[in-house]
Structures are given as C-alpha cells and as structure tokens.
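Peer 1: My questions will all concern the structure given below.
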Amino acid sequence: MEEEAQPQPQTRIEIEDDLYGIDPEHVRKVEDALREGRAEHARALAEPLHYSDAADLLERLEPEDRVRLVEALRPDFDPEILTELDESVRDEVIAALGFADLAAAVAELDSDDAVWLVSQLSDEERARVMDALPAELGAVVLHGLSYPEYTAGRMMQRELVAVPAYWTVGEAFDFLRTATSVPDAFHDLYVVDPRHRPIGKIGLDRLVRARRQQRLNEVMDDEGTTVPAAADQEEVAFLFRQHDLMSAPVVDGAGRLVGTITIDDVVDVIDEEAADDMLRLAGVSDTDLYRAVKDTVRARIPWLLINTVTAVAASAVIGLFEATLEKIVALAVLMPIVAGLGGNAGTQTLAVAVRSLATKELAFDNAFRVIGKEVLVGIFNGIAIAALIGPVAWIWFGEPALGMVIAAALVFNLLIAGLMGSVIPLTLERLGVDPAVASSIFLTVFTDTLGFFAFLGLATIFLL
C-alpha cells in the first residue's frame, strides 16, 4: 500500500490577503482528517503550528472534533496552547486532557502562565491540579495566587536573574554560564543590594559590551523604576507605556525583588483591557462567541432589561405629548432623527472619554476643559446638522415652523450628548464604578428622554 504523503508544515505567510493567523483551508483539512478517522494526519497538520495558531484551530473546530484533535496531540501537547484559548473552549480541552496531563502541562509553563492557568480553574479542579504539581512549583503557584486578581503579583514571572552590585561583569558571565537556576529566556539582569532590593538593571546588550573587570554597579541602569506587587495591571500597563519599558522588577511591601514583568505580558494586558472596555460598552462578554446559547442569553438579558427600563422612560415622555402627536403626525416621522443623532453623538463622546480615562489622559484636573470642549463640539455639530435637517423638514411637510423646531431640538440634543457623554464616565469613575460598564445606559436615558422632551415640547409651544 502506498504510504500516505505527509503534509508540509504550514508557513506563517500563505496568502496575500491574510498574512498571519491560520489559513481556513488548513482548518478544513484538519476537520476532514479527523472526521475520516485519520488522526495521525490531523496531528501532522496541527503539530507544526505556533501555539497561538493551534489554539485558534481548536476554537474553530466543532466540540467532537476538538476532543479528537486533543487526543491526537496528547503525546506532545504544547501547554502554551491552554493560555491562548477562550475560557469556554479551554474548559473543554482541559476536560479532554484529564487532570494528570493538565498538571504535567502546567509544570512545563513559565511561572506567570502557570499561576494564571491555575487561577482560571474551579476550586475542585484547582485542588486536584495543585496536588499533582511538584512541591516547588506548587509553592510558587500558591504564592502567586495569594495576590489579588489583575495585579502585578499575579502577572509577574518568578524566573529572573538577580546579581549583587559588587560583582564584576566577568563574574556575572561566569554565573550565567554555570548556574542551573538561570531562566531559559531573559533580557535583563537585576542588580540587588544585600537586602535583595533592586537598585538597578543591566540589559544583555549593555552587559556584552562591558569589560570583564568592570563592576556591575558601574554599568547598570539605576533609573529605579519598580512595580509594587499589589499594583493594578492597568497601572502597570500605563507605566510601561509612559516609560517605554521592556521589563520592570516587581517588589513586595518591603521593597524586596520578587519577580519581573516583561513587555509581552503587558501587551496582553493592554489588548485585554481595551477589548474588555469595548465589549462592556455594548454589555457583552468576551466569551460570548463560544458560549452555549443559554449562557449567552443569561449574560445579555440583564442589560436588555435595563435598556427596557430606559426605553419605557423615553416612551413615558412621548406619552406626555400624546395630544400634540395626534394633531401633528409629522412629529412621529421626525422623532427618530432626534433620538438617533443624539445617541450617535453621545456615543462618540463616550468612547473618547472612556478611553481617555483608561489611558489617564482625562482626569478631574482637566475635566472642565474637556467637558467644555465637548459641549462646544456638540453645539457646532448640532448647528451643522440642523442646517441640513431643518430645511428638509420644511420642504418635506411644507411647514417652516416645523423645520425650526426640529433644528432647535437637534442643537439641544447634541449639546446634551456632548455634555453627558463626558460627564457620565467621569462621575462613574469618581463613584468607583467602571465607566465602560454603565455609561451607555445612562447616556441613552438622557439623549432619548431629553431629546424627545425638547422636540415635542417646542412643537407644543410653537406649532399648536
């Protein structure tokens, strides 16, 4: 029987329109191999992939195919795949691996990834994995879990190189060549004092250019930027962005060196926080794509119920002007214009404000300037839109006063949109509420209810 041709490893660049990521055709080939019972062929297709692409592959497969691929990859399963999977898919993969293989996978990870992965497990799963881990790694993971979630202590790596300031460059090189505790990959050496407090760091590029007889304290960078282990991960990301850092030492309450944070971890945090804020503005979760229908419904329905309340409030305002609407039917035709433009203008301001709060560009010391600017932008945008819609309404319905009413209502509502789009996030921030979560709900209340009230109120005064 002719031997089956082995597939060639997928290259990172396969088609012009999609330079990176996994090729959909590659996914289809894996699916076909799994469904036809050719597990070795599927394994040969998946094994050469980068672990992030392998995670994408697992996410795109149907649950039954996913289990088959995990079984095929089990002998050489790359544990880093688990750190890239969506939560729902990761649970399925972990269930397919079993706790013995999961513990073995955790043991192969860097300490920061091991802590993160164990933290994502349920209490029962965590206990079983911790029991199966080597004692030394188990202690490291427990220490990482002792820090609150989303802090530097949770995201830091314990693998680092710490050297005393009185060493020479030559001694540092000799240590790096012979020590068994040196990490597989690192970029900086941290120089510490006798109390193990960081006093500087030396990049490998500077170290290799220094003379062997030079003392480390002569060639080190003594900028002194350290990260408290209890610092929020957003604060860490801000520090890296502001100071253009590639790495930073993490210290405990006594100032002792306990870990390091590198730029690759910070990039993940920035991406996660940005995506989280964007999704929260819409009231959805980052796991909605892979959740079961019932779980997705359960996650989204609270926000829809809150929106229902705001919609009822807007309807109640319309109900106050029922008599006006009965006499001037054209108002019902034009009302969506007022609400829609106000909502869109408010969302523009809201997005800028929430993002600026996250990057610390907007704070209470410059709040009045920003609010004033957004109000002026709202007024000028309102005048521009009113100059367009007013004449259209006049010509459409043959009523000059109607054009003036909707023009005035638009200016007012876009002013409110600019004002509330900036005030609401600032107020929520001051109250300790995440502006990304609740801002859009309150914004809708103001732009809809006040917009309708202004439009119908002016119509009642000037048209009846």
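Peer 1: Please go through the range 161-252 and write out the GluC sites (Glu not before Pro) that DSSP classes as loop and that have at most 10 other C-beta atoms within 10 Å.
Peer 2: For GluC sites (Glu not before Pro) across the range 161-252 that sit outside H, G, I, E and B with at most 10 neighbouring Cβ atoms in 10 Å, the list is empty.
Peer 1: Cβ under 15 Å from Phe380's Cβ, Phe380 left aside: what net charge do those residues give with Lys, Arg +1 and Asp, Glu -1?
Peer 2: Details: positive: Lys373; negative: Glu374.
Net charge in that neighbourhood comes out at 0.
Peer 1: Continuing with the same structure: Using Cα atoms only, what is the angle between the long axis of helix 263-281 and the major principal axis of the chain, expressed in degrees (0 to 90) to the nearest 10?
Peer 2: Tilt relative to the chain: about 20 degrees.
Peer 1: Separate question: Would you mind pulling out the separation of the Cα centroids of the range 206-225 and the range 398-464, in Å?
Peer 2: 60 Å
Peer 1: Explain nothing, just compute: Karplus ³J(HN,Hα) = 6.51 cos²θ - 1.76 cosθ + 1.60, θ = phi - 60°, for every residue of the range 96-104 in order, whole Hz, x for Gly and Pro.
Peer 2: Listing the rounded values in order: 6, 5, x, 6, 5, 5, 5, 4, 5 Hz.
Peer 1: Local charge sum around Gly203 (other residues, Cβ-Cβ under 9 Å, Lys/Arg +1, Asp/Glu -1)? Write out the running numbers ahead of the final one.
Peer 2: On the way: positive: Lys201, Arg206; negative: Asp188, Asp205, Asp221.
Result for the neighbourhood of Gly203: -1.
Peer 1: Out of [x] 1.18; [y] 1.07; [z] 1.30, which label holds the value of Cα Rg over 2.2 N^0.38 Å that was computed here?
Peer 2: Evaluating Cα Rg over 2.2 N^0.38 Å on these atoms matches [z].
Peer 1: While we're here: Would you pull out the residues with amide H under 5 Å of Thr151's amide H, same chain only if 5 or more places away, H placed 1.01 Å from N?
Peer 2: Gln233
Peer 1: Lysines within cross-link reach of Lys360: Cα-Cα under 30 Å, excluding same-chain residues under 8 positions apart?
Peer 2: Within the straight-line limit of under 30 Å, Lys360 reaches these lysines: Lys201, Lys373.
Peer 1: Let me ask something additional. In deg cm²/dmol and to the nearest 500, what is the mean residue ellipticity at 222 nm of the chain if only DSSP H runs of at least 4 residues count, each as -39500 (n - 2.57), divided by the residue total?
Peer 2: -21000 deg cm²/dmol
Peer 1: With θ taken as phi - 60° and the coefficients 6.51, -1.76 and 1.60, list the Karplus ³J(HN,Hα) couplings across the range 75-87 in order, rounded to whole Hz; mark glycine and proline as x.
Peer 2: So the Karplus estimates, Gly and Pro as x, are x, 10, 5, 7, x, 5, 4, 4, 6, 9, 7, 4, 3 Hz.
None of the figures in this text is laboratory data; all of them are computed from the coordinates on show. Note that the coordinates shown come from a computational prediction; the quantities given were computed from them, not determined experimentally. Heads up, the Cβs are rebuilt from the backbone with ideal geometry, glycines too, and the neighbour counts pull from every protein chain shown.
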